[in-house]
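Student: Can you keep this structure in mind? I'll have questions shortly.
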Amino acid sequence: MLNLFKQNKPKDIKALRSEIIDFIKVQLKKAESGEGGNIKGLQLYITCDPQDKFLYEGALYIEDQNKFKEEVQKVADDFAIALPENWLLQIVSDEPTPPEAIQSSDVGIALFISTKQKPSVHKEAVAYIKVLNGEAEETVYTIHSSNKKINIGREKKVQLADGYLRQNQIAFPDISNNKSNKSISRQHAHIEWNDESAAFFLFADEGGIPPSNKVKVKPEQGQEIKLITTEIGHQLKEGDQVMLGESALLEFSYSDKNV
C-alpha cells in the first residue's frame, strides 16, 4: 500500500529506525495514559513507497524482529511505559493497512496497539498452501482465518489411539506411489489462526515431533526451524516452506499469484 501522507525521504537506516521508534513512543504514551497494563502487543504496517521498502525492512530488523522489539522495550522502560512481560510484536509489509491502525505523517509506518479491549485488527485473512513434494488430495489448498484449525496428515479420516476420529483437511493418501507420503504421520501437524497476532501459526502434533516424524520450516531468508514440541507454534510468513517427515514439502503464501 502506498502511503498517502507526504513524508521526508529517510537518510539512512539508523535515522529511520530512530524516527519509527519516536512515533511508537508517542503512541504508546497516549495508550498508556488510557489503557495502562492492558496493552498486549503492537502490529506495525510498512506503508512506504516500494522503492524504500528495503530501508524500512532494515530499520525494523525484518529478519530478526526480536531485535526491534528489544529497542521498543528499552524506550518503554526509559519512559516508564508499562508493557506486560509477554507483549507481542508483529511487523507486516505486504498486507493492506487496516483502518484501525494509526498512520504516521512522518514515516511510512502505521501502528495498531493491541489491548484487552481491542485484542486484534478485525479482518478475514486468506492464505494458500501449495504442495511442492508428496501427493496430496489437492495441489493447492486455500485456508481462511475463519477455519480456525486446519489439520495436516496422512489419510483424510483417521482413528487415533484414543478411539476418536481426526479429519485432515490437508490430506496425503496412504495408498500412493509417492515415497514422501510414507513418512507423514496420521496426526502430523495443524495450522491455526491467531487473533491476537493476526497471523497463521503452524503447530506440530503428536506424530510430528521426535522421536517420531518431523516438522521443519525453512523461511525464504534465515535458518531452518525445527518444531520439537506441540505447545509452541511457528508464525507462518510469506514463502515459508514446511517439510513433513523426510521429504513431503509445502509452501505458504498470502498471495494466489505465488501458487
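Student: For the subset of the stretch 223-234 comprising residues that are within 17 Å of the chain's Cα centre (by Cα) and hydrophobic (A, V, I, L, M, F, W, C), which member is surrounded by the fewest Cβ atoms within 10 Å (Cβ to Cβ)?
Tutor: I232
Student: Let me ask something else. Which members of the stretch 190-222 meet the condition of being over 16 Å from the mean Cα position of the chain (by Cα) and closer than 17 Å to K237 by Cα?
Tutor: Within the stretch 190-222, just V215 meets the criteria.
Student: Next question. Has the stretch 167-174 got any residue that is in contact with a Phe, Trp or Tyr (Cβ under 9 Å, 6 or more places away or on another chain), among the β-branched types (V, I, T) and surrounded by fewer than 14 Cβ atoms within 10 Å (Cβ to Cβ)?
Tutor: No: zero hits.
Student: While we're looking at this one, here's another question. Taking K237, is it basic (K, R), surrounded by fewer than 16 Cβ atoms within 10 Å (Cβ to Cβ) and either modelled with pLDDT under 90 or within 25 Å of E137 (Cα to Cα) (or both)?
Tutor: no
Student: Right, next: Within the set of pairs 6 or more residues apart or between chains, which connect a residue that is touching a residue at least 60 places away in the same chain (Cβ under 8 Å) inside the stretch 162-177 to a residue that is assigned to a strand (DSSP E or B) with Cβ atoms less than 6 Å apart?
Tutor: Here the result reads I170/Y141; I170/I152; F172/R154, each pair linking the stretch 162-177 to a residue that is assigned to a strand (DSSP E or B).
Student: Separate question: Consider only pairs whose beta carbons are under 9 Å apart and that are at least six residues apart or on different chains; among these, list those whose first residue lies in the stretch 78-97 and is farther than 16 Å from E57 by Cα and in a loop (DSSP other than H, G, I, E, B) and whose second residue is at pLDDT below 85 and β-branched (V, I, T).
Tutor: Note: pairs meeting the criteria are I81/I39; A82/I39; L83/I39; P84/I39; W87/I39.
Student: If you don't mind, another one. Give just the number: which of (1) closer than 22 Å to A199 by Cα; (2) in contact (Cβ under 8 Å) with a residue 12 or more places away in the chain; (3) not hydroxyl-bearing (S, T, Y) does Q27 not satisfy?
Tutor: Unmet condition: (1).
Student: May I ask you to verify whether L132 is of a type in the set (A, V, I, L, M) and either surrounded by fewer than 15 Cβ atoms within 10 Å (Cβ to Cβ) or part of a strand (DSSP E or B) (or both)?
Tutor: Here the answer is yes, as L132 does meet what is asked.
The values are calculated or read from the model by the stated rules, or taken from the named source; none is laboratory data. These numbers were taken from a predicted model, which means no experiment stands behind them. With ideal geometry, Cβ positions are generated from the backbone for all residues, glycine too; neighbour counts draw on all protein chains shown.
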